[in-house]
Amino acid sequence: MEQSYQVKNTYIVRFGCQKDLLREITDFILSHQITLGHISLIGAVSSYHVGYYDSIAKKYISIEEERHMEILNGTGNISLKDGKPFAHVHLTLADDTGKAVGGHLFEGVKIFACEAVITEFDGAPLIRELDEDTGLTLWK
Ligand code: ZN
């Protein structure tokens, strides 16, 4: 699949210290009714919870730790899932030696500092539906 869109809005957002990253992103896109877009963020966290999708078991393995980490990169997209704006974000984090860990963003990532750019696109939103081959909710 491939579609073309124009940028409708670009938001610069700083999410608050000690807040949950995924909840902050979700609250923002719900309150601004962003149904299609891109997310880019950097910063640091004081704990993290990401997932690795086991393609055989078709479920996420949790990776979590109470530890200060740099957010090297957070990238995601916004589309509709179950009729509501839904953010799908992946994080790359680094420890104090520069070693990286990352995965699919879950609730449980406590923000230390976070600067995000959220780009909203104009046009019909993409819709997520369960994909039988992968067990994931993907764009139809
Ligand atoms: Zn993911």
Report, by chain and number, residues whose modeled amide H sits under 5 Å from the one on residue 127, excluding near sequence neighbours (fewer than 5 apart, same chain).
80, 140
Tell me whether the stretch 60-124 comes out rounded, prolate or oblate; compute the Cα gyration tensor, take square roots of the eigenvalues as a ≥ b ≥ c, and use a/c under 1.5 as the rounded threshold.
prolate
Extending each Cα 7 Å along its Cβ direction at residue 130 and residue 30, get the distance between those two points in nm, one decimal.
2.3 nm
With a 1.4 Å probe and every protein chain left in place, work out the accessible area per residue of the chain in Å², rounded to a whole number.
58 Å²
Accessible carbon and sulfur surface of the stretch 1-55 relative to its total accessible area, %, 1.4 Å
47 percent
Once fully extended, how much extra length lies between residue 6 and residue 19, figured as 0.36 nm per residue of separation less the alpha-carbon to alpha-carbon distance?
1.5 nm
Find the relative contact order for the chain and round it to a whole percent, using C-alpha pairs within less than 8 Å whose residues are 6+ positions apart.
36 percent
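Using r as the Cβ-Cβ distance of residue 122 and residue 60, and R0 as 25 Å, what FRET efficiency do you calculate, to the nearest 0.05?
0.20
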Overall form of the chain per C-alpha gyration tensor (a/c, 1.5; a/b vs b/c):
oblate
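First compute the accessible area of the stretch 71-137 with a 1.4 Å probe, then give the percent of it belonging to carbon and sulfur atoms.
Carbon and sulfur together cover 54 percent of it.
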Is it possible to state the helix-based mean residue ellipticity at 222 nm for the chain, with each DSSP H run of 4+ residues giving -39500 (n - 2.57), the sum divided by total residues, to the nearest 500 deg cm²/dmol? What is it?
-2500 deg cm²/dmol
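The values are calculated or read from the model by the stated rules, or taken from the named source; none is laboratory data. Keep in mind that this is a model prediction, so the values were computed, not measured. Every residue, glycine as well, gets a Cβ built from its backbone with ideal geometry; the counts of neighbours run over all protein chains shown. Note: areas computed on protein heavy atoms with side chains; ligands, DNA, RNA excluded. Shrake-Rupley method; radii C 1.70, N 1.55, O 1.52, S 1.80 Å.
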